[in-house]
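**Student:** Dropping the structure in here first, questions after.
The values are calculated or read from the model by the stated rules, or taken from the named source; none is laboratory data. Predicted, not measured: the structure shown is a model, and the values here were computed from it. Neighbour counts are summed over all protein chains in view; Cβ atoms, including those assigned to glycine, are modelled from backbone coordinates with ideal geometry. The area values use the complete protein model at the heavy-atom level, side chains included, leaving out ligands, DNA and RNA. Shrake-Rupley method; radii C 1.70, N 1.55, O 1.52, S 1.80 Å.
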Amino acid sequence: MKEYWSSLASLLGVLAFCQTLLQAIFPPELRFAAVKLFSQFFRCFSSYVYFDITEIDGVNTNELYSAVQLYLSSSVSISGNRLSLTRALNSSAITFGLSNNDCILDSFNGVTVQWEHIVTQRQAQGYLWRPLPEEKRGFTLRIKKKDKPLILDSYLDFVMDRAEEIRRKNQERLLYTNSRGGSLDSRGHPWESVPFKHPSTFDTLAMDPLKKQQIMEDLQDFANGQSFYQQTGRAWKRGYLLYGPPGTGKSSMIAAMANFLGYDIYDLELTQVHNNSELRKLLMKTTSKSIIVIEDIDCSINLTDRKKKNSASGTRGFYDLPNFRCGGGGGYGSISGDDGCGNSITLSGLLNFTDGLWSCCGSERIFVFTTNHIEKLDPALLRSGRMDMHIFMSYCSFPALKILMKNYLNYEEHELDCSVVNEIKDVIDKAKMTPADVSELLIKNRRCKNRAVAELLETLKSKAEKNEKHSGELRKKEMGLEEDEEQEKRTLDSPKEGSEFEEDCNKETEEDDEKDNNNFN
Ligand SMILES: Nc1ncnc2c1ncn2[C@@H]1O[C@H](COP(=O)(O)OP(=O)(O)OP(=O)(O)O)[C@@H](O)[C@H]1O
Ligand SMILES: [Mg+2]
């Protein structure tokens, strides 16, 4: 035992001597380089190849470093004794990471690789316009030399893709708006963003389950369709037109879509865009995996009555009708004087935005337009291929009501009395209540299920009765009008015996005779 301790002490002594020697020979600024040189020398004889991925690449942040960090967070969480925990800004999830100077093994396509997280103290810095962190962090990837070509390309791509996936899953969606009216922020960006925390999902959305399923499948196919779009030569984008009365869930559907796919939302306020080129610039600044929304499109831009206005404008192209809105102007790239007001968003500009060449800058983008009045929209916007799916958001149906009752009252259908169910089924379609109205009623009575159902039934019945009465009156009015029209027609068709018509005819014949006589004379 004594011998063991004495040999350990002499070994430590040798190590201390070597360190002193190293310090004496190499000045501090060269020491780091010397260590690096030694390790490089030893690596020459190694069967491994090493790749260093530093956090800061010159003065820029290295994207690959963050990607590796995120990627490893998914595999590190299961193994490892000492982990670092982080929570990014706008993130709801905590991510695990490798602690300083720790290693982890990973395998890809049957090949094992090793990642090491290396943290060292940064050398004293001279003057820098952007101070660098005191610690120098990086990952070292160790691969067997023979595996280098096999995994390098595909493995790093895989790491980047997986990191992007994790980032999307962890990070809350962002909601962008162009409400600043065209002015740019300090980074030259026309969009402002806030974290998007809308809780609407397809589970909470009250609508026909079959229709809902169809929409979800369509979205899923779109998101997974990169190769399909590539193969068919189509731009990787899709358009949805949501239409229906106010309060039927159009905005809620957009939020559900964003939450379902994990996409950001760009809420485009057309009234804040001054001309087509500004619209294009906004489009160029959107990212892929996003939903670009124009709400109430019939109100945002004047798309109605185009033929009439077009003929008035004379020389303008068929679609080139400006949206005459005065004020504003002066935004980035805005052209003034084009319509006398500095504003010229045209239907063609909008169509190019969704469908033209510019719509393909970036990829994996969804366009959603909403309107309460589909009949007001120009057929050009509705033609197939432009808005791929037209989704009618209807008044509350019985299947939709079941979802709302489950959400708000935690009610299952079988809990309801059979006679009540039948009564509801009888009146619900005639009542034409929007899901928003039903939700309000349920929220108000959410403490007492029975009261909620009783009040709901009562409201449905009274609305149905009112609607029937109203439609009866309308029918009567229409029938009255039809009768009047028929009467008028009959009067016109019948020979006007002793009537004004006969008198007129007699008068005309007499006048003609008189004229003829005069001519002959
Ligand atoms: N189909 C629905 N499913 C669940 N909740 C709904 C639905 N429709 C409406 N609601 C509720 O009503 C509120 C208003 O709905 P929403 O804003 O989505 O309607 P909208 O169709 O966009 O109306 P508008 O045409 O006025 O913009 C929402 O907060 C939501 O709680
Ligand atoms: Mg809405």
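**Student:** If you scan segment 245-292, which residues turn out to be at positive phi and either surrounded by fewer than 20 Cβ atoms within 10 Å (Cβ to Cβ) or more than 16 Å from ligand 2 (Cβ to nearest atom) (or both)?
**Tutor:** Selection gives G262, K289.
**Student:** Between a residue in segment 217-233 that is of a type in the set (F, W, Y) and any residue that is open to solvent by less than 70 Å² (accessible area, probe 1.4 Å), which pairs come within a Cβ distance under 6 Å, given they are 6 or more apart or on different chains?
**Tutor:** That search, which allows pairs on different chains as well, returns F222/R238; Y229/W236.
**Student:** Search segment 225-244 for residues being more than 16 Å from ligand 1 (Cβ to nearest atom) and open to solvent by less than 10 Å² (accessible area, probe 1.4 Å), and hand back the single one that is nearest to F369 (Cα to Cα).
**Tutor:** Result: G239.
**Student:** Within segment 217-291, considering only helices (runs of 4 or more DSSP H) that don't extend past its boundaries, which have at least 2 residues that are over 29 Å from K432 (Cα atoms)?
**Tutor:** Of the helices (runs of 4 or more DSSP H) lying wholly inside segment 217-291, those with at least 2 residues that are over 29 Å from K432 (Cα atoms) span 226-232, 276-284.
**Student:** Let me ask you something else. Out of the residues in segment 294-314 meeting the condition of being over 21 Å from S183 (Cβ atoms), within 16 Å of ligand 2 (Cβ to nearest atom) and crowded, with 20+ Cβ neighbours inside 10 Å, tell me which one is modelled with the highest pLDDT.
**Tutor:** I297
**Student:** Return the pair list, or none, for Cβ contacts closer than 6 Å from residues in segment 411-427 that are touching a residue at least 24 places away in the same chain (Cβ under 8 Å) and closer than 16 Å to S397 by Cα to residues that are surrounded by 10 or more Cβ atoms within 10 Å (Cβ to Cβ) and aromatic (F, W, Y), at least 6 apart or on different chains.
**Tutor:** Cβ pairs passing all conditions: K425/F398.
**Student:** Take segment 229-239 and flag every residue that is touching a helix residue (DSSP H, G or I) at 6+ places or on another chain (Cβ under 8 Å) and either of a type outside the set (D, E, K, R) or at positive phi (or both).
**Tutor:** Within segment 229-239, A235, W236, G239 meet the criteria.
**Student:** In segment 164-178, is there at least one residue being within 16 Å of ligand 2 (Cβ to nearest atom), open to solvent by less than 80 Å² (accessible area, probe 1.4 Å) and at pLDDT below 95?
**Tutor:** Within segment 164-178 (the criterion being within 16 Å of ligand 2 (Cβ to nearest atom), open to solvent by less than 80 Å² (accessible area, probe 1.4 Å) and at pLDDT below 95), the answer is yes, since at least one residue qualifies.
**Student:** Follow-up. Filter segment 138-149 down to the residues that are under 37 Å from the mean Cα position of the chain (by Cα) and over 16 Å from Y71 (Cα atoms) and list them by number.
**Tutor:** Hits for segment 138-149: nothing passes.
**Student:** Restricting segment 213-224 to residues that are within 16 Å of ligand 1 (Cβ to nearest atom) and not β-branched (V, I, T), which is surrounded by the fewest Cβ atoms within 10 Å (Cβ to Cβ)?
**Tutor:** Q213
**Student:** Could you list, in sequence order, the residues of segment 199-212 that are open to solvent by less than 80 Å² (accessible area, probe 1.4 Å) and either out of contact with any Lys or Arg (no Cβ under 8 Å at 6 or more places or on another chain) or within 16 Å of ligand 2 (Cβ to nearest atom) (or both)?
**Tutor:** Correct list: S200, T201, T204, L205, A206, M207, D208, P209, K211, K212.
**Student:** With the condition kept exactly as written, say whether any residue in segment 451-459 is under 23 Å from G244 (Cα atoms), modelled with pLDDT under 95 and open to solvent by 20 Å² or more (accessible area, probe 1.4 Å).
**Tutor:** Checking segment 451-459: not a single residue is under 23 Å from G244 (Cα atoms), modelled with pLDDT under 95 and open to solvent by 20 Å² or more (accessible area, probe 1.4 Å).
**Student:** Related question: Name the residues in segment 361-385 that are crowded, with 16+ Cβ neighbours inside 10 Å and among the basic types (K, R), would you?
**Tutor:** Within segment 361-385, just R365 meets the criteria.
Conditions (1) closer than 16 Å to E164 by Cα; (2) modelled with pLDDT of 75 or more; (3) exposed (fewer than 15 other Cβ atoms within 10 Å of the Cβ), marked per residue:
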| site | (1), (2), (3) |
| --- | --- |
| D52 | no, yes, yes |
| S73 | yes, yes, no |
| G80 | no, no, no |
| T95 | yes, no, no |
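**Student:** Check whether at least one residue in segment 481-496 is open to solvent by less than 100 Å² (accessible area, probe 1.4 Å) and either in contact with a helix residue (DSSP H, G or I) (Cβ under 6 Å, 6 or more places away or on another chain) or within 22 Å of D208 (Cβ to Cβ) (or both), and report yes or no.
**Tutor:** yes
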